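A.B. asks: Here it is, the structure in full.
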Amino acid sequence: MSGIEINSVLTENRLFEPSAEFTAKARIKSDDLKALYQQAEEDYEGFWANQAKQHIDWHTPFTRTLDDSQAPYFKWFTDGSMNVSYNCIDRHLENKAEKTAIIFEGEGGDVQHISYQQLHDDVCRFANALKIKGIQKGDRVVIYMPMVPEAVVAMQACARIGAIHSVVFGGFSAESLRDRIEDAQAVMLITADGGTRGGKIVELKEAADKALNNGCDSIKHVIVLKRSGQKINMQDNRDTWWSDAVADQSTTCIPEWVNAEDPLFLLYTSGSTGKPKGIQHSSAGYLLNAIITNLWVFDLQDHDIFWCTADVGWITGHTYVAYGPLAAGATIVMYEGAPVIPDAGRFWKMCEQHKVTIFYTAPTAIRALMKFGDDLPNQYDLSSIRLLGTVGEPINPEAWMWYHTVIGKEHCPIVDTWWQTETGANVLTPIPGVTATKPGSCTLALPGMDVDVVNEEGESITEANTGGYLVIKKPWPSMLRTIWGDDQRYIDTYFPKFDGKYYLAGDSARRDEDGYFWIMGRIDDVLNVAGHRLGTMEVESALVANSAVVEAAVVGRPHDVKGEAIVAFVICKGDRPVGEEAEKMAADLRNWVGEQIGPIAKPDDIRFADGLPKTRSGKIMRRLLRTIAAGEEITSDTSTLENEAVVAQLQGEA
Ligand code: WT7
């Protein structure tokens with residue numbers, strides 16, 4: 001098994017019990033949790049049926065809970081119909097029409113409060129605009145937007161008419177956008193002139209034009225939100241300004257009652273091949289886990305102000321920004337910009353200003369902000385915060401303790417939530433009023449989630465602290481349904497072992513003496529850079545697409561802020577570049593990868609050699625490359641290598 005083992009050195013094994021004060025007011029108390037586990041244990045389908053009846057407003061109630069006749073293509077609530085947007089908005093209008101749904105802050109400090117009524121009206125007008133453009137149920141619509149309320153409006157409008165959205169993170173390049181549009185055969189693109197991040201304008205429309213001028217023949221319409229105000233090109237008969245598109249539209253749009261299993265969205269994520277895969281989610285099953293985790297894990301209550309800092313371009317921004325909290329009737333915070341503008345106190349300033357009660361972010365952000373010391377957070381009144389969360393990668397105990405003491409003032413539970421784009425919602429996580437936490441552990445599985453660590457044979461590993469494959473043994477409502485357009489890849493990726501019986505998460509993990517889960521790292525060639533997933537092959541494909549490059553191998557190396565940094569070993573055409581030439585080539589290739597994938601994929605370090613270290617059978621020795629990348633001493637015997645001399649070159653010593 002390969003992969004990082006961030007948690008292997010455990011410095012804290014203390015238990016942190018939730019405070020009596022938190023527990024007293026929490027939604028889920030110890031007895032509630034026990035009852036939920038017991039119901040799931042005694043009658044798995046009955047448990048999920050009850051949850052689905054309790055939390056979703058159905059148009060046609062379902063009578064069948066789980067259809068496993070075509071396992072592992074599982075279906076849930078198959079004869080029910082509903083609408084996600086109705087469940088997120090309309091059902092709150094009777095009692096909460098004037099409640100704030102979204103508090104938005106732009107990087108420049110502009111603030112908007114959007115009520116549920118206003119959100120409803122905006123979504124309906126935009127949904128009607130989509131219909132006028134001919135968008136129908138099942139059509140794919142790509143959303144390439146900054147982190148502004150209109151991104152949520154666009155997603156909800158698609159959901160309202162049964163169109164399938166695919167949000168592409170605004171930090172992805174034109175090339176990445178084009179690949180995703182083409183794979184999904186999308187008919188519409190929704191974008192903006194530009195977004196603002198880190199004081200710079202992100203040229204979204206320009207990138208979109210580049211993508212559309214290079215293929216993407218399926219796109220018939222582009223809707224463009226005016227946000228940054230810079231000059232852009234608008235193409236006649238294809239491009240429409242958002243404001244024009246909604247100008248004459250009614251604020252009523254009857255929701256399309258879709259089947260529970262109709263796809264709500266696709267979201268592309270990296271795997272172990274060069275090509276990202278379109279993870280396909282359902283409507284009702286997805287929404288169900290989104291709702292219950294917002295209630296159980298984030299303890300969402302009527303007075304809460306929930307700020308999940310994720311961009312809507314990632315699954316976290318779907319489940320804990322655009323859908324889950326709204327379906328639960330909460331108030332969310334959205335922020336357009338970077339955490340360090342004007343300084344690294346921005347998050348804390350916003351927590352004070354908007355009286356944030358629940359704050360959910362990534363360990364990489366915590367580590368980055370921790371570096372600026374305690375003075376910045378200490379300048380602000382963080383007393384409104386009552387619950388903290390993390391997601392995306394293992395959190396090192398040092399960052400956990402800082403979050404706990406400096407941000408949480410030692411009274412806020414921290415929920416370390418393990419999950420994936422594919423799982424749709426939190427899977428392993430504490431229940432804040434009940435579960436005692438240990439820094440670095442995502443603790444236990446939620447009720448209804450049958451998670452285990454198994455060996456090569458698929459047997460449960462009962463010995464404490466022994467690593468194995470993290471698997472989910474029973475289907476759950478919000479699991480991915482397939483990979484868009486590639487059913488076989490769904491099976492090959494997620495059910496390749498154990499007779500196809502268990503969902504293979506792709507992570508290695510261990511359980512400690514209390515049964516707590518500790519994530520150890522990926523088992524495939526997937527990197528986790530600042531909480532974002534990137535395939536090593538994806539970066540390699542981008543590198544070899546450059547005409548100067550013959551061969552490339554990419555590995556991760558531990559990085560104290562980003563978790564992992566990208567190191568690329570590159571073989572160029574002709575002579576190996578050295579000195580200034582190597583520096584220039586490295587800079588060019590970094591930019592190239594940025595253009596091919598996006599800035600997040602730019603390698604931190606590029607090294608050149610005459611060849612890659614390979615075994616006599618021609619296999620690249622990735623383990624050796626990881627050792628070299630980490631600057632560690634090579635203890636294995638390299639004399640069996642086909643080309644031993646390159647090792648010194650890659651180490652930068654020759
Ligand atoms: C991978 C999924 C889930 C939303 C963000 C990332 C890693 C995620 C944790 C955690 C340790 C974690 C896993 C997982 N991961 N959360 N709490 N502790 N590792 O979603 O891009 O689909 O990545 O992120 O390796 O497989 P994603």
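The values are calculated or read from the model by the stated rules, or taken from the named source; none is laboratory data. This one's a predicted model, so the numbers in the text were calculated from it and none came from an experiment. Positions of Cβ are backbone-derived with ideal geometry, glycine not excepted, and every protein chain shown enters the neighbour counts. Please note that ligands, DNA and RNA were not included when accessible areas were found on the heavy atoms of the full protein model with its side chains. Shrake-Rupley method; radii C 1.70, N 1.55, O 1.52, S 1.80 Å.
A.B. asks: Quick check for you: with a 1.4 Å probe and neighbouring chains kept, what is the accessible area per residue of the chain, in Å²?
C.D. replies: 38 Å²
A.B. asks: Also, quick follow-up: All other residues with a Cβ under 11 Å from the Cβ of Val246 taken together, and with Lys, Arg as +1 and Asp, Glu as -1, what is their net charge?
C.D. replies: On the way: positive: Arg125; negative: Asp121, Asp122, Glu150, Asp244, Asp248.
Net charge in that neighbourhood comes out at -4.
A.B. asks: Once amide H atoms are placed 1.01 Å from N in the peptide plane, what residues at a sequence separation of 5 or more from Thr443, or on another chain, have their amide H within under 5 Å of its amide H?
C.D. replies: So Thr443 has HN proximity to Phe517.
A.B. asks: So how exposed is Leu369, as accessible area in Å² (1.4 Å probe, rounded to 10)?
C.D. replies: 10 Å²
A.B. asks: Identify the residues of region 158-189 with backbone N under 14 Å of a label point that sits 7 angstrom from the Cα of Asn213 along the Cα-to-Cβ direction, or state none.
C.D. replies: Counting only backbone N, you get 174-175.
A.B. asks: DSSP loop trypsin sites (Lys or Arg not before Pro) in region 199-247 with at most 10 other Cβ atoms within 10 Å of their Cβ, which ones?
C.D. replies: Those that pass, being in a loop and sparsely packed, are Lys231.
A.B. asks: 222 nm [θ] for the chain, helices only, -39500 (n - 2.57) per DSSP H run of 4+, per residue, to 500? Working shown, then result.
C.D. replies: Numbers: 21 runs with 188 residues, N = 654.
The per-residue figure over the chain is -8000 deg cm²/dmol.
A.B. asks: A further question follows. Under 8 Å for C-alpha pairs, at least 6 residues apart: give me the relative contact order for region 526-650, rounded to a whole percent.
C.D. replies: On the way: 202 pairs, mean separation 28.7, N = 125.
That works out to 23 percent.
A.B. asks: Would region 118-240 count as rounded, prolate or oblate if I go by the C-alpha gyration tensor, calling it rounded below 1.5 in a/c and otherwise prolate when a/b exceeds b/c, oblate otherwise? The partial results should precede the final answer.
C.D. replies: Numbers: a/c = 1.59, a/b = 1.16, b/c = 1.37.
The shape class here is oblate.
A.B. asks: Non-local amide H neighbours of Ala101 (under 5 Å, H modeled in plane, Pro and chain starts lacking H): which ones?
C.D. replies: Residues meeting the criterion, in which the H sits 1.01 Å from N, are Ile114, Ser115, Tyr116.
A.B. asks: Given the Cα-Cα distance of Ile341 and Gln112 and 0.36 nm per residue of separation, how much length would full extension add, in nm?
C.D. replies: Full extension of this stretch gives 80.6 nm more.
A.B. asks: Still on this model: Could you list log10 I(q)/I(0) for the chain at q = 0.10 Å⁻¹, which the Debye formula gives when each Cα is one point scatterer?
C.D. replies: Log-scaled intensity ratios, in q order: -0.93.
A.B. asks: State whether region 523-641 is rounded, prolate or oblate according to the following rule on the C-alpha gyration tensor (a ≥ b ≥ c being the square roots of its eigenvalues): a/c under 1.5 gives rounded; otherwise a/b larger than b/c gives prolate, and the remaining case gives oblate.
C.D. replies: On the way: a/c = 1.56, a/b = 1.08, b/c = 1.45.
Judged from the Cα gyration tensor, region 523-641 comes out oblate (a/c at least 1.5, b/c at or above a/b).
A.B. asks: Follow-up. Could you work out what % of the accessible surface of region 483-537 is carbon and sulfur, using a 1.4 angstrom probe and leaving DNA, RNA and ligands out of the count?
C.D. replies: On the way: 940 of 2040 Å².
Roughly 46 percent, rounded to a whole number.
A.B. asks: Taking square-rooted eigenvalues a ≥ b ≥ c of the alpha carbon gyration tensor, is region 1-135 rounded, prolate or oblate, where a/c under 1.5 means rounded and, failing that, a/b exceeding b/c means prolate?
C.D. replies: oblate
A.B. asks: For the chain, what does the relative contact order come out to in percent, with C-alpha contacts under 8 Å and a separation of six or more? Mind dumping the intermediate values first?
C.D. replies: On the way: 1440 pairs, mean separation 94.0, N = 654.
Over the chain, the number comes to 14 percent.
A.B. asks: Next question. Which residues' amide hydrogens lie under 5 Å from the amide hydrogen of Thr482, considering only partners 5 or more residues apart or on another chain, with H built in the peptide plane?
C.D. replies: Here Gln280 satisfy the definition.
A.B. asks: Under 12 Å from the Cβ of Val258, count the other residues' Cβ atoms, weight Lys and Arg +1, Asp and Glu -1, and hand me the total. Write out the running numbers ahead of the final one.
C.D. replies: Numbers: positive: Lys137, Arg160; negative: Glu256, Glu261, Asp262.
Net charge around Val258: -1.
A.B. asks: Give or take rounding to whole Å, what are the principal axis extents of the alpha carbon atoms in region 268-341, in descending order?
C.D. replies: So the three principal-axis extents are 45, 38, 16 Å.
A.B. asks: Per residue of region 519-526, what does 6.51 cos²θ - 1.76 cosθ + 1.60 with θ = phi - 60° give for ³J(HN,Hα)? Whole Hz please, x for Gly and Pro, Karplus curve as stated.
C.D. replies: Couplings: 7, 9, x, 7, 9, 10, 8, 10 Hz.
A.B. asks: May I pose another question? Beyond 23 Å between alpha-carbons counts as too far, so tell me which of Lys137/Lys275; Lys131/Lys220; Lys133/Lys205; Lys349/Lys438 fall in that bin.
C.D. replies: Details: Lys137/Lys275 27 Å; Lys131/Lys220 13 Å; Lys133/Lys205 19 Å; Lys349/Lys438 28 Å.
In this structure, Lys137/Lys275; Lys349/Lys438 lie more than 23 Å apart at Cα.
A.B. asks: Then there is this: Would you mind getting me the FRET efficiency between Ala645 and Asp588? Use the beta-carbon distance for r and R0 = 30 Å, nearest 0.05. Write down the numbers at each step before the final one.
C.D. replies: Numbers: r = 26 Å, r/R0 = 0.86.
With a Förster radius of 30 Å, E is 0.70.
A.B. asks: May I pose another question? Could you tell me the calculated FRET efficiency between His559 and Lys619, based on Cβ-Cβ distance and R0 = 30 angstrom, to the nearest 0.05?
C.D. replies: Details: r = 26 Å, r/R0 = 0.88.
Here the calculated transfer efficiency is 0.70.
A.B. asks: Next question. Tell me, which cysteines of the chain are without a disulfide-compatible partner by the Cβ under 4.7 Å rule?
C.D. replies: Cys88, Cys158, Cys216, Cys308, Cys351, Cys412, Cys442, Cys572
A.B. asks: Starting at the first residue of region 87-103, write each ³J(HN,Hα) from the Karplus equation 6.51 cos²θ - 1.76 cosθ + 1.60 with θ = phi - 60°, in whole Hz, x for Gly and Pro.
C.D. replies: Residue by residue, region 87-103 yields 5, 8, 10, 4, 5, 8, 5, 5, 10, 10, 3, 8, 5, 6, 8, 10, 9 Hz.
A.B. asks: A further question follows. What net charge do the residues around Gly611 carry, taking every other residue with its C-beta under 11 Å from that of Gly611, with Lys and Arg at +1 and Asp and Glu at -1?
C.D. replies: With Lys, Arg at +1 and Asp, Glu at -1, the neighbours total -2.
A.B. asks: Hey, another quick one. Go ahead and run the numbers for FRET between His303 and Asp248, Cβ-Cβ distance against an R0 of 30 Å, rounding to 0.05. Display every interim value, and only then the final one.
C.D. replies: On the way: r = 38 Å, r/R0 = 1.27.
It comes to 0.20.
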